[in-house]
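Peer 1: Below you will find the structure I want to go over with you.
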Amino acid sequence: MADLNPTSGEIEGALDRSQNLLPRILILGGTGEGIELATRLANRKDLRTISSLAGRVREPKRPEGVVRVGGFGGVDGLASYLVKENIRMVVDATHPFAVQISRNAELACGRLGLPLIGFIRPPWVQTKADLWHEVADFREAATLVDRQKGRVFLSIGRQELGSFAVCHGTWFLIRAIEEPTGPLPDLHKTILRRGPFNLDEELQLLRDHSIDRVISKNSGGSATYTKIEAAQLLGIPVVMVKRPVKHAIVTVETLEEVILEINRLVRSN
Ligand code: NAP
């Protein structure tokens, strides 16, 4: 089993020499699907994977197999890494809102002529029972909720919380995995918890804090959908932040498609 040291940025549990001739696939992860893909490929005798995590949280969930942690140093750093590690294919399984790493991967792979598979999980789709207000970005979400005031549940990760520091008359329940470090809105309570959360927990949380508005990224997937379901059941409006454009290349929405592409590469090796 590979080891993982969030501060090193180096590979641990390195590939042994006998595995050097097998095609190496870099999985850009930090998502449940990145972990699932690494698990599904872990026992393959015809390829090797390296999972890459940004290192945003101190104790990330660990994919199976070899893991490296930390940024590459932009497009140039990523391109150098791909050459140095003799990577044959890159799978971008990062979060739908992680745009920079995907752009870097396109540029680095384009420069080296390496195949890149862009996996993006499907977005959530509004149902008749949902009360969604879709907005283009976090700034628009902040303007909207601060106009309406009230009590808002904010569970969007730590990086975008600064957009809500401009809100002065709105109370926020902020949920994050680790303590936020940047500017925050005047009126807030922070709770530190790591998902997934079941529906009952989400219903309880929204009720206990008399929440009347939820702000969410349209992340897609099942891991964080229960808060959307809870809002729906309680008739609470959701300010849904639309996804940014992540890739210029054609992308796939299932891991089965990713594995088909990988199999094609391995056959042609
Ligand atoms: P980002 O804005 O697209 O990337 C910023 C920088 O972080 C990149 O330029 C790269 O640094 C580094 N980076 C990002 N993902 C990396 C990876 N998998 N491996 C190595 N370096 C990576 O990314 P982000 O939105 O900060 O997200 C960071 C990570 O958290 C991603 O892996 C993503 O899957 C995960 N995540 C993000 C969200 C979200 O809402 N954004 C939610 C859940 C999980 P260098 O330029 O130095 O290479």
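The values are calculated or read from the model by the stated rules, or taken from the named source; none is laboratory data. All values derive from a computational prediction rather than experimental measurement. In this analysis, Cβ positions are derived from the backbone assuming ideal geometry, glycine residues included, and neighbour counts consider all displayed protein chains. Accessible surface areas use protein heavy atoms only, side chains included; no ligands, DNA or RNA. Shrake-Rupley method; radii C 1.70, N 1.55, O 1.52, S 1.80 Å.
Peer 1: On a full-extension model of 0.36 nm per residue, what is the gain between residue 128 and residue 222, subtracting their alpha-carbon distance, rounded to one decimal in nm?
Peer 2: Computed gain between residue 128 and residue 222 is 31.9 nm.
Peer 1: Moving to a separate point now. Could you tell me whether region 132-241 comes out rounded, prolate or oblate from its Cα gyration tensor? Rule is a ≥ b ≥ c as square roots of the eigenvalues, rounded for a/c under 1.5, then prolate if a/b exceeds b/c, otherwise oblate.
Peer 2: rounded
Peer 1: Then there's this: Accessible area per residue for the chain in Å², computed with a 1.4 Å probe and the full protein assembly in place, what is it?
Peer 2: 50
Peer 1: Give me the net charge for the shell around residue 223: Cβ to Cβ below 15 angstrom, other residues only, Lys and Arg +1, Asp and Glu -1.
Peer 2: Local charge sum for residue 223: +2.
Peer 1: Right, here's the next one. Separation between the residue 139 and residue 57 pseudo-spin-labels, each 7 Å from Cα along Cα→Cβ, expressed in nm?
Peer 2: Placing both labels 7 Å beyond Cα along the Cβ direction yields 2.9 nm.
Peer 1: A follow-up question, please. Around residue 41, with a cut-off of 9 angstrom between Cβ atoms, what is the net charge of the other residues, counting Lys and Arg +1 and Asp and Glu -1?
Peer 2: +2
Peer 1: Follow-up question, since we're still on this one. Tell me, what % of the accessible area of the chain is carbon and sulfur with a 1.4 angstrom probe?
Peer 2: Looking at the chain in its full context, I get 51 percent from C and S.
Peer 1: Under a crude label model (7 Å from the Cα following the beta-carbon direction), how far is residue 187 from residue 46 in nanometres?
Peer 2: Spacing of the two 7 Å Cα→Cβ label points: 6.1 nm.
Peer 1: Using a 7 Å offset from the Cα along the Cα-to-Cβ direction at both residue 39 and residue 254, what is the distance between the two label points in nm, to one decimal?
Peer 2: It works out to 1.9 nm between the two label points.
Peer 1: Cross-link partners among aspartates and glutamates for residue 189, C-alpha distance below 17 Å, same-chain residues fewer than 8 apart left out?
Peer 2: 146, 160, 178, 179, 202, 208, 212
Peer 1: Stretched out fully, how many nm does the piece from residue 166 to residue 267 gain, at 0.36 nm a residue minus the Cα gap?
Peer 2: Contour length minus Cα-Cα distance gives 30.9 nm.
Peer 1: Sort 116-129, 82-95 for me by packing, meaning the mean count of neighbouring Cβ atoms within 10 Å per residue, highest on top.
Peer 2: Most protected by this proxy first, the peptides run 82-95, 116-129.
Peer 1: Take the residue pairs 128/149; 45/217; 45/84 and return only those whose Cα atoms are more than 30 Å apart.
Peer 2: 45/217
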